[in-house]
Every structure is written in structure tokens, then in C-alpha cells.
Amino acid sequence: MPTLSHRITTLNGGGSDGWDVFYRARAMVEAGDDVIELTIGEHDIRTDPSILRAMYDSAVGGHTGYASVPGVSALRDAVAARVTAQSGVATTRENVLITPGGQAALFAAHMAACSPGDTTLIVDPFYATYPGVVRSAGAVPRAVPTEAETGFLPDRADLEAAANGAASLLINTPNNPTGAVYPRDTLEMIADVVKTCDMWLISDEVYDTQVWDGAHLSPRALPGMVERTLVIGSMSKSHAMTGSRCGWVIGPEDAISALVDLATNTTYGVPGFIQDAALFALRNPILEPEVAAPFLRRREIAARVLKGQQLVQAVPAQGAMYVMLDVRATGLSGEAFANALLDAEYIAVMPGESFGTSAAGHVRVAMTVDDAWFEDALQRLCRFAALLAEAV
Ligand code: PMP
């Protein structure tokens, strides 16, 4: 009997993939239970009808065959122009590979940066797929811890302690799950360390249009970084196009041309009608703020609800669509709290432990339901935490 490969059977590192509460909530929904799902990073609005119209027009117009593997030139140009405008770094279509979503871009970037067996640094807490995507590329993830007390920002000493022999560092700002937006001095420190240690920097910027405090700064724009940075972008979060699977990698020309070979042998590109819809979306700047606005509103709601009590502490969310709550005062782990909340209140949140060890005792709340439900769910969460704390 043939056996499954070592790579595929060890993808989750032997433990859980961190999605247990999410799957349990989904099973409850399927069984007819009324669960408020604050788990996955998916908008409560759908893709704008004007984008769908562009998709339809493209498909009916015949763009249903194999599309150009690196991406349709007009879309590569539009992404390059957007990146140039945002970062000030001259970027052309030769620096852009269109991929089936940011997830495929993360895989591609690690395939480019890491040889089999290489170590890759990830900042803990991390987006739940990071260790698996690193292992998919044959590399070995090494977590760099951070602390809630310092806003989950990486610290130079911790980074340097982990950097020895590493091929790349993966960062994410605005951050999922913490909502942190890395300030300039943190990014300068990171740039310094990756240059000194001759590493690649893989910068996941899929939430770059959702910044509530400060401003998004791409580390690719820092001195000496353009040649060693691979930026991950996506239409998923900025344009509520999660299901369309359209993202990109930005990088040096030789890296992108090598990644076109990877795409030829794996994905064979992204459907042309999806790319045409993405191009339409990027050409309509009104769409981005519309998609981002509900999260800014709900962030204010969260601040108001949490101010009314002392037990559950919020880590200030500066960007992205989540708020991280410290539930350590209940005496439970994030995982135990999330499971108990689901059973008692039918509210599903992600345990902090799904994102590494640094966010233990926290839960991540996605701000992805209607404002009134969101407020009600947070109030119930706080009341539930208070009941648990009384019992401690
Ligand atoms: N990076 C981060 C930080 C994310 O949160 C996500 C999606 N939740 C992705 C990448 C991948 O998104 P997509 O593949 O839909 O572009």
C-alpha cells in the first residue's frame, strides 16, 4: 500500500489546525442552531454587484479560456500602479504575479524564499495557516513570541535570538489576529535585522485598506528592502472578494519570473473573468472605503461595550477586522472560554491558542456581523466572562 507523504501528513505539525471551534459552530448551524459566528475573517456583505457585473460581462465576452499565467497585463499594471502610489516604490508588471488569493501568494513566496529544510520565522500570534503554508513549501516554521502588554509587536532581542540561520521572516501588518498596525520604528528594526541576517522578508499586507489608527507602511519601501521583500496582497479583504480567489505577490523581477514557472506547474493562473472583475474593482476607488466602513463602526461599538466593564480587556485594534480580547481574568484558557461560550451562549469566537502561544488566554472576535448583533454578542460575552470569574 502506498503511504501518504511525510509533507502532507505533517502539515499541521501534529496538533490541531486551530479551527476546531469554527467547525463545531458550523456543525451547530447545520443542525439548525442559531449561532452568532464571529470566527472567520469574512465580511457580512457580499461582493458588490457592479464587480459581479464586470465578471459576468468578461465571461460572456469570452474570457473563459486559459488566462495568461503571470496574470492579465492590465491587472498586473493596475496592481503595480496601486503599489507604486501606496508605497512610493516604482513597481511594474514585471514585479507582479497574480495568484489564486493571498493564500496561494503566501505559498508561492515561501517557495521562492526557502529551500527544503530551511527555517522560516513567523511572528506569534500568527494567522492560523502560517505554519502549514511554511511546511507546505518544505520549510520549518520557528515562532518569534510577542506579548499582549507591548501590543503584540515583535521585539529586536526576540527576533535576533530566533534569526540565526533563518531564510525568511513572515510578518503581517495590519495584523490578523491582533489588529496591530506595525509602526515605522518596528518596521525599521525588522528591516535592519533581515538585512543584517541576509533574510527574505515576506510581508503579508492583505489588510492594507483597513487601518483605523496610524497609517499602513509597506516595509518594501524602506531603504535596501526592495530586493529582499516579497509583498502579499489580495482582493479578498479590501473588496469583499474572498470567494473569487484573486491575490498577488510583489517582488524583484527575478523572483517573480521564477514564480511564473511555479504557477505554470501548479495553478496555471487565475480565471480571466475573475481578473477582469478585480481590475474593474481596482479602478473604482469608491468600493474600498465602503467595504472597510463597517469594521471601523464596529470597532467603536466594541470600545463602548468593553468600557462598561473591567473584566475583559481589549487589545486596541488599530486595523483589520478583528478585536482581540484578554479573558485571562476568567481563569480559563482562550480555548476553554471559546468552547464554553459556544455551548452556553451560542456565540462562536476563535481561541487565541489557534494563533500560536503568545495569544493564550485571549479570544479573537471577528467584527463580521450586523452592528446590533455584534453589540449584543459582545455584551453577552462580557456577562458570561463575569459569571465565570465569579465562579473562580
Ligand atoms: N493573510 C491573512 C493575514 C489573512 O487573514 C488571510 C485570510 N483570512 C489571508 C492571508 C488569505 O486570504 P486570501 O487567500 O483570501 O487572499
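Among the residues of region 272-327, those that are within 16 Å of the ligand (Cβ to nearest atom), among the small types (Gly, Ala, Ser) and part of a helix (DSSP H, G or I) comprise Ala277, Ala278, Ala281, Ala292.
For region 145-184, the set of residues classified as within 16 Å of the ligand (Cβ to nearest atom) and within 24 Å of Arg7 (Cα to Cα) consists of Ser168, Leu169, Leu170, Ile171, listed by residue number. When region 103-124 is limited to residues that are among the small types (Gly, Ala, Ser) and more than 22 Å from the chain's Cα centre (by Cα), the one that is nearest to Pro145 (Cα to Cα) turns out to be Gly117. Scanning region 70-102 for residues that are over 23 Å from the mean Cα position of the chain (by Cα) and either under 23 Å from Thr242 (Cβ atoms) or among the acidic types (Asp, Glu) (or both) returns Val72, Ala74, Asp77, Glu94. Could you list, in sequence order, the residues of region 247-262 that are more than 8 Å from the ligand (Cβ to nearest atom), touching a residue at least 40 places away in the same chain (Cβ under 8 Å) and not polar (S, T, N, Q)? Across region 247-262, the qualifying residues are Trp248, Val249, Ile250, Gly251, Pro252, Glu253, Ala255, Ile256, Ala258, Leu259, Val260, Leu262. Restricted to region 43-68, and to residues that are assigned to a helix (DSSP H, G or I) and of a type in the set (Val, Ile, Thr), which residue is nearest to the chain's Cα centre (by Cα)? Only one residue fits best here, namely Ile51. When region 103-161 is filtered for residues that are within 26 Å of Ser244 (Cβ to Cβ) and without any contact (Cβ under 8 Å) to a residue 40 or more places away in the chain, the ones remaining, listed by number, are Phe107, Thr129, Val133, Val134, Ala137. Could you check region 328-355 and list, in sequence order, the residues that are under 22 Å from Pro145 (Cα atoms), part of a loop (DSSP other than H, G, I, E, B) and touching an Asp or Glu at 6+ places or on another chain (Cβ under 9 Å)? The answer is Ser333, and nothing else.
The numbers here are math on the coordinates, done by the rules we state, and not lab data. From a predicted model like this one, the values you see are computed outputs, not experimental measurements. Ideal geometry is used to build each Cβ from the backbone, glycine not excepted, and the neighbour counts take in all protein chains shown.
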